[in-house]
1. Please give, to one decimal in nm, the separation of the simple spin-label points placed at GLN185 and ALA213, each 7 Å out from Cα toward the Cβ.
2. For the range 158-219 and the range 87-116, what is the separation of their Cα centres, given in Å?
3. Give me the percent of the accessible area of the range 33-141 that comes from carbon and sulfur atoms, probe 1.4 Å, all protein chains in place.
4. Could you compute how much accessible surface HIS114 exposes when probed at 1.4 Å, giving the result in Å² to the nearest 10?
5. Tell me, what is the 1.4 Å probe accessible area of MET1, in Å² to the nearest 10?
6. Assuming 0.36 nm per residue, please report the length gained on full extension of the stretch THR154 to ARG40 beyond their Cα-Cα distance.
7. According to a simple spin-label model (label point 7 Å from Cα along Cα-to-Cβ), what is the distance in nm between ALA59 and LYS102?
8. Just how many pairs of Lys in the chain have C-alpha atoms closer than 21 Å, counting pairs that are eight or more places apart or on different chains?
Amino acid sequence: MIADRIKSLNTFLADRARLVAVTKTQPVEVLHEAYRAGQRVFGENRVQEMTDKKPQLPADVEWHMIGHLQKNKVKYIAPFVTLIHSVDSLELLEEIDKQAAKCQRVIDCLLQIHIADEETKFGLTPAEAEALLHSDALAALAHVRVLGLMGMATFTDDEAQIRTEFNGLKQLFDRLAVTDRPNVQFSELSMGMSNDYRIALEEGSTLIRVGSAIFGSRT
Ligand SMILES: *Cc1c(COP(=O)(O)O)cnc(C)c1O
């Protein structure tokens, strides 16, 4: 049962980290079921799907964008999105800032860091993230706030490799967390999915993004 899995995951997490229930491809009935079980944070990876689902759920849901975000689509989620996990360029941050300003709000963001041993995954290198955080261009953006980092480990059975990648991200997080900029306030480290969230928690995750372990495999 979805409700049981959500409840036991949240009990397991306790105060250590929060659960982002990844509901991509799931029909809205499934989100309602999760909501009834107490879940309030939902992660989607496509703008169209998020904007379709948003009006069909209660207003106290937190919507987290976890997938690659194109600049021309930011405007559709800017009025309501709670956290964008997948920021991977200054240009994207500038567009988020522009759209947030139009909505008279500040949008919280995480920088996605490339930590996996795979070519296909998006994200900044540690050096790029550090340069971005210290840039005057970022400091000028009054309608975005960078709350931390997100990363995806390599899809592998090698737990030692996964742990090394998450540990590297945590060390980067700790190093960048002292950044003294008005719109940089590190508190969130988004790492861990269905197959590796236990390792991610041990390595310091504050937000785990879990889909299939709750909802079953996606069709
Ligand atoms: C789909 C997805 C998840 C959840 O993956 P599961 O393996 O189903 O838990 C987490 N993070 C991102 C960025 C995703 O796209």
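1. Reported label-point gap for GLN185 and ALA213 is 2.9 nm.
2. One Cα centre to the other: 19 Å.
3. Carbon and sulfur atoms account for 48 percent of the accessible area of the range 33-141.
4. The accessible area of HIS114 comes to roughly 60 Å².
5. Spelled out: MET1, probe radius 1.4 Å, area about 130 Å².
6. Once the chain is fully extended between THR154 and ARG40, it gains 38.2 nm.
7. 2.2
8. 23
The values are calculated or read from the model by the stated rules, or taken from the named source; none is laboratory data. In this text the structure is predicted, and so the values were computed from the model without any measurement. Cβ sites come from the backbone with ideal geometry, for glycine too, and all protein chains shown count toward neighbours. What goes into the accessible areas is simple: the full protein's heavy atoms, side chains included, and nothing from ligands, DNA or RNA. Shrake-Rupley method; radii C 1.70, N 1.55, O 1.52, S 1.80 Å.
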